[in-house]
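Here's the structure, in structure tokens; my notes come after.
The values are calculated or read from the model by the stated rules, or taken from the named source; none is laboratory data. Owing to the predicted nature of the structure, the values given are computational and were not obtained by experimental measurement. We place every Cβ from the backbone using ideal geometry, glycine too, and count neighbours over all the protein chains shown.
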């Protein structure tokens, strides 16, 4: 019996990037805000490019708190979804090509999301990374940190609890 030859790593990376792109661009709010995601291995970093529409106080100027919290919540939801999607793709339970074709998994629903504003969000690009603290069949807890120029100097952090979508078994 002949064994199936493994796919080249570049093909697998392209498929993963295409699946992430389809997941992110399937949400209109993400497109409106201009949020982008950078994938390195299984780690995602969200990026909120600076735009004048994000300014809440033009006298400082400072990023609007709602824009910051929305950005962090998006980072949490997409980060949580990506963890589950990544696991399903790696186990062979989901085909990344199905995601690219538009068969997107349902996103987790926010139960609550709390943000601690630690510093003023300056008028420049912002970055965020989500860490899934717990994820089960029905519930997940995620922690998010946001920074601008220095990863060690976060300007906001948040914790969210999410209701996981029911799996079609």
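Summed over region 24-79, the residues that are surrounded by fewer than 18 Cβ atoms within 10 Å (Cβ to Cβ) and within 30 Å of residue 13 (Cβ to Cβ) give a count of 20. Only residues that are within 16 Å of residue 79 (Cα to Cα) and surrounded by fewer than 18 Cβ atoms within 10 Å (Cβ to Cβ) were counted across region 138-160, and they come to 5.
No other residue among 140, 126 is touching a helix residue (DSSP H, G or I) at 6+ places or on another chain (Cβ under 9 Å) and over 12 Å from residue 80 (Cα atoms) apart from 126.
For region 92-119: of the residues being part of a loop (DSSP other than H, G, I, E, B) and crowded, with 16+ Cβ neighbours inside 10 Å, which is modelled with the highest pLDDT? Among them, the one singled out is 108.
With a requirement of 2 or more residues that are closer than 22 Å to residue 133 by Cβ and touching a helix residue (DSSP H, G or I) at 6+ places or on another chain (Cβ under 8 Å), the helices (runs of 4 or more DSSP H) lying completely within region 1-91 that satisfy it span 9-24, 65-91. Residue 60 passes every criterion in (1) closer than 23 Å to residue 161 by Cα; (2) over 9 Å from the mean Cα position of the chain (by Cα) apart from (1).
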